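First the structure, in the form of structure tokens, and then the observations on it.
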Amino acid sequence: MQGTVLYAPRDVRFEQRDDPKIIEPADAIVRLSATCVCGSDLWYYRGISPVTQPSPMGHEYCGIVEEVGSDVGSIRPGQFVIGSFFASDNTCPHCQAGFHSSCQHREPILGAQAEWLRVPLADGTLVATPDRPDDDLIPSLLTLSDVMGTGWFAAVAARVQPGMTVAVVGDGAVGLLGVLSASRMGAARIIAMSRHEPRQKLAREFGATDIVTERGEAGVAAIKDITAGIGADATLECVGTAESMVQALRSTRPGGFVGFVGVPHGVNLDGEKLFSSHVGLLGGPAPVRRFLPELIELVCNGEINPGKVFDLTLPLHEVAEGYRAMDERRAIKSLLHP
Ligand SMILES: [Zn+2]
């Protein structure tokens, strides 16, 4: 098959790779219907995270099960499935607590920007849709594999409740879907922080009521202004830089929570400031497996359309352009069709 390999910063190649095979009896092989480029892939693409060897890329996927190992029971060939970027058994204490991305047997998914994918722990990792979905649902179903599940987790972790005022730091695909998630959870006011017009527009479409273009001190001041000096009840941190994390903490009222899902790069929190802030923190790699059944239902019933974050669709063999467009912020998120 053909698949995507990152050799060095900005050196994305689409090349011949071995067909994935069943290795463990709990594995499944999925023929991918769609895949995409993640904001977190850009950390490697830009050389901010080191690339030490040629690395198969991609961890967001959905498609048709082709083959299953001898221990797989609930997942069957022919089903349309979506899975998380971490394989999980769905049975260990951490999975039972809803934190599948900390599963005691977790395995990262790598190499999903390809035609086929091996998924370990298939019964625990994959969730099948009730029927074979129409093609127009596939982009939205694909987002549940990571980006929508991550935005949703940010809102759950920030304890968004009906009637709340919610601030969202970051206007990437995760931040935009954090807006959609907060809206779906009944937030009364959603403040999106963005200085890019097309992203502001999509944020409004997803339910943002206010846009703040300022950052740093001025950004905090703008949120305080909107909230009568109080701060947001809940804040979603969807970037992962030191600046965005401080922005999120300082935008939140005492007693409020920050859900942080941006992969941290250079974030070092000041213990005393954190102590005196009275702000709660929960974050990490989103346990998207927990949310898959609920979010699949919302997508299949047409209640949410998170696939709107894909503003560039390419054939898989043009994956390098998918990375370039996101790196240059010409695209919010690139969908790839094998
Ligand atoms: Zn587990």
- Item | When region 67-201 is reduced to its Cα atoms, the Kirkwood hydrodynamic radius in Å | 16.7 Å
- Result: in the chain the number of Lys pairs with C-alpha under 30 Å apart, spaced 8 or more or on different chains, is 6
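Would you calculate a helix-derived [θ] at 222 nm for the chain, using -39,500 (n - 2.57) for each DSSP H run of n ≥ 4 and dividing by the full residue count, to the nearest 500?
Value at 222 nm, helices only, nearest 500: -8500 deg cm²/dmol.
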- Spread of Cα-to-Cα distances over 20 Å intervals beginning at zero, given as percent, for the chain: 33, 58, 10, 0
- Please turn the phi angles of region 130-135 into ³J(HN,Hα) values with the Karplus equation 6.51 cos²θ - 1.76 cosθ + 1.60 (θ = phi - 60°), one per residue in order, whole Hz, x for glycine and proline. x, 10, 5, x, 5, 4
- What are the radius of gyration and Dmax of region 217-274, computed over its Cα atoms and given in Å? 11.0, 32
- Message: Counting other beta carbons within 10 Å of each residue's own, what order do S40, S55 fall into, fewest first?
- Response: S55, S40
- Can you pull the percent of Cα pairs in region 40-109 with separation above 21 Å? 44 percent
- Cα-based Debye curve of region 1-140 sampled at q = 0.11, 0.15, 0.17 Å⁻¹ gives log₁₀ I(q)/I(0) of -0.41, -0.76, -0.96
- Message: Can you classify region 150-283 as rounded, prolate or oblate using the Cα gyration tensor, where a ≥ b ≥ c are the square roots of its eigenvalues, rounded means a/c under 1.5, and otherwise it's prolate if a/b beats b/c and oblate if not?
- Response: rounded
- Ordered by fewest other Cβ atoms within 10 Å, a rough proxy for footprinting exposure, H59, H100 read H59, H100
- Item | For G63, distant residues with modelled amide H under 5 Å away | S33, V81
- Distance (nanometres) between label positions extended 7 Å along Cα→Cβ at D18 and D270: 5.2 nm
- Item | Phi-based couplings in Hz for region 253-266 (Karplus 6.51, -1.76, 1.60; Gly and Pro marked x) | 6, x, x, x, 10, 10, x, 10, 10, x, 5, x, 10, x
- Note on the structure: Sorted by chain and then number, the residues having a modelled amide H within less than 5 Å of the amide H of G58, at least 5 places away or on another chain, are G111, A112, Q113
- Considering only the other residues whose Cβ falls under 14 Å of the Cβ of E197, what net charge follows from Lys and Arg at +1 and Asp and Glu at -1? +3
- Message: With both bridge residues required to lie in the chain, what share of the DSSP beta bridges run antiparallel, to the nearest 5%?
- Response: 55 percent
- Task: Take E243, E328 and order them by how many other Cβ atoms sit within 10 Å, fewest up front.
- Result: E328, E243
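Only the coordinates and a few stated rules stand behind these numbers; no lab work does. Keep in mind the model is a prediction, meaning the values are calculated, not measured. Cβ coordinates were reconstructed from backbone atoms using ideal geometry, including for glycine residues, and neighbour counts include every protein chain displayed.
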